[in-house]
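Here's the structure we're looking at; comments come further down.
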Amino acid sequence: MSWMDDMWINTKSAANAVGQKTGEVIDRSKLRLAIIDLKSDLSHKYAVLGKLCYESYRTGKDYAKEMLALEKEIADMNVQLSALKDKLAHLQKKVKCPSCGTYNPQGALFCRQCGSRLAGAAAKEEDSQEELLDFAEKMAEEEDI
Ligand SMILES: [Zn+2]
């Protein structure tokens, strides 16, 4: 399965190249491309995993070791994918839902996927409540004079 290892190394180095630029302004389109590449590699891994599963079922041969190795690679790639998506969403100023992880447009009050209240919305509401309290205090002070 050396071709799979080669592919994995290529994927890793591509993702690392993006990771090394942390702190720099990363072009959104480059991030999108890295995400597309990683997704494509991931779906290929899933296909190989499926084929191993099928072959194991068909021939009775035990591929548990290979399947476990693939599962670990897939888990690592999903972590990388999630990190890339977070970076892109950050550049796009999108808000990630704390409940389901869906990215929502900037300024959204509730998650478009699960309806949970978004963290940014709560902070904004607190801000406006504070502003309202400040305003009320100022009004009260002015009335005293
Ligand atoms: Zn949600």
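When you scan the stretch 96-116, how many residues do you find that are more than 17 Å from residue 85 (Cα to Cα) and not in a loop (DSSP other than H, G, I, E, B)?
1
Under 8 Å by Cβ, and 6 or more places apart or on different chains, what pairs join a residue from the stretch 104-128 that is at positive phi and surrounded by 11 or more Cβ atoms within 10 Å (Cβ to Cβ) with one that is small (Gly, Ala, Ser) and at pLDDT below 95?
Pairs found: 107/120.
Could you go through the stretch 48-56 and let me know if any residue there is under 12 Å from the mean Cα position of the chain (by Cα) and more than 16 Å from the ligand (Cβ to nearest atom).
No, the conditions are met nowhere in the stretch 48-56.
If you take the residues of the stretch 47-66 that are charged (D, E, K, R) and outside any helix (DSSP H, G or I), which of them is farthest from residue 32 (Cα to Cα)?
Checking each candidate, the answer is 61.
Do we have any residue at all in the stretch 67-90 that's in contact with a strand residue (DSSP E or B) (Cβ under 9 Å, 6 or more places away or on another chain), within 16 Å of the ligand (Cβ to nearest atom), modelled with pLDDT of 90 or more and not in a helix (DSSP H, G or I)?
There is no residue in the stretch 67-90 that is in contact with a strand residue (DSSP E or B) (Cβ under 9 Å, 6 or more places away or on another chain), within 16 Å of the ligand (Cβ to nearest atom), modelled with pLDDT of 90 or more and not in a helix (DSSP H, G or I).
How many residues are modelled with pLDDT of 55 or more and assigned to a helix (DSSP H, G or I) when one looks only at the stretch 20-40?
So the count comes out to 13.
Here's a check for you: in the stretch 91-120, which residue that is within 9 Å of the ligand (Cβ to nearest atom) and basic (Lys, Arg) is modelled with the lowest pLDDT?
The residue in question is 96.
Which ones in the stretch 27-70 are β-branched (Val, Ile, Thr) and farther than 28 Å from residue 86 by Cα?
Hit for the stretch 27-70 is 59, nothing else.
The values are calculated or read from the model by the stated rules, or taken from the named source; none is laboratory data. Keep in mind that what you see is a predicted model, and the values were worked out from it rather than measured. Ideal geometry is used to build each Cβ from the backbone, glycine not excepted, and the neighbour counts take in all protein chains shown.
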